[in-house]
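Worksheet: one structure, shown below.
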Amino acid sequence: MEESLGKWPISTEITVQWGDMDALNHVNHTVYLTWMETVRMVYFDRCGMMEIFESENIGPILAGIKADFLFPVVYPDTVVAHTTITRLGKSSFDMHYKITSSRKEGRLVATGTASGVMCNYSTGKSTPISNSLRARIVELESMGKI
C-alpha cells in the first residue's frame, strides 16, 4: 500500500501577512508551522478525518513536527503549502510538507515532516486507523501529483 502514498494531493494558497514578519524583516519561523497546520487541516477535512472526530470523538493528534527553512519569505508574498501522507501505521501516520513562494516563481522555501496518531479523545488513548479511513487516505493520495 505504501507505494500509493506520498504524491502531494493537497495544497492551499496562503497570503503572507505583514504581521507574519519578525524583527529581522522576514517571516518568523513559527508562521511556517502554522502554514503546515493549515494545509494539514485541509487534508484532514478532505479525507473525512474531521467528520470522524465530530461523530465518534476519534481524531488525529500531533505527536511531533520538524521544519527545515530553505529560503526566507518576506511580505508581500503568497505561498503554497503542500502536504501528503507518506506512511500509515496501525494507529500512526507520517506527513510531509513543502512550501513554495509565489513571489519567487515557485521556489521551495521550506520542507517539513510531522507524525500523528489517531486518538480516542474520550479515553485519551491511541486507536487504530479504521479500514474506511485508511481507504479514503489511499484514494486521496492516488489523486495526487508526483
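Please work out whether region 10-60 counts as rounded, prolate or oblate from its C-alpha gyration tensor, where a ≥ b ≥ c are the square roots of the eigenvalues and a/c under 1.5 means rounded, while otherwise a/b larger than b/c means prolate and anything else oblate? The shape class here is prolate.
Exceedance of the 21 Å cut-off in Cα-Cα distance is limited, within the set LYS7/LYS98; LYS7/LYS104; LYS66/LYS98, to LYS7/LYS104.
Taking the Cα centre of the chain as origin and assigning +1 to Lys and Arg Cβ atoms and -1 to Asp and Glu Cβ atoms, the resulting dipole is close to 280 debye. Sites count as exposed loop sites when they are trypsin sites (Lys or Arg not before Pro), lie in a DSSP loop, and have at most 12 other Cβ atoms within 10 angstrom; the longest stretch of the chain without one is 1-89. Normalised by the number of residues in region 2-142, the mean separation of alpha-carbon contacts (under 8 Å, six or more apart) gives a relative contact order of 31 percent. From the alpha carbon centroid of region 28-101 to that of region 115-146 is 13 Å. Taken over the chain, the percentage of Cα pairs per 10 Å bin, counting from 0 up to the bin with the maximum distance, is 12, 40, 30, 16, 2.
Computed from the coordinates by the stated procedures, all read-outs in this text should not be read as laboratory data. Keep in mind it's a predicted model, so treat the numbers as computed, not measured. For neighbour counting, all protein chains shown are included, and Cβ atoms are generated from backbone atoms with ideal geometry for every residue, glycine included.
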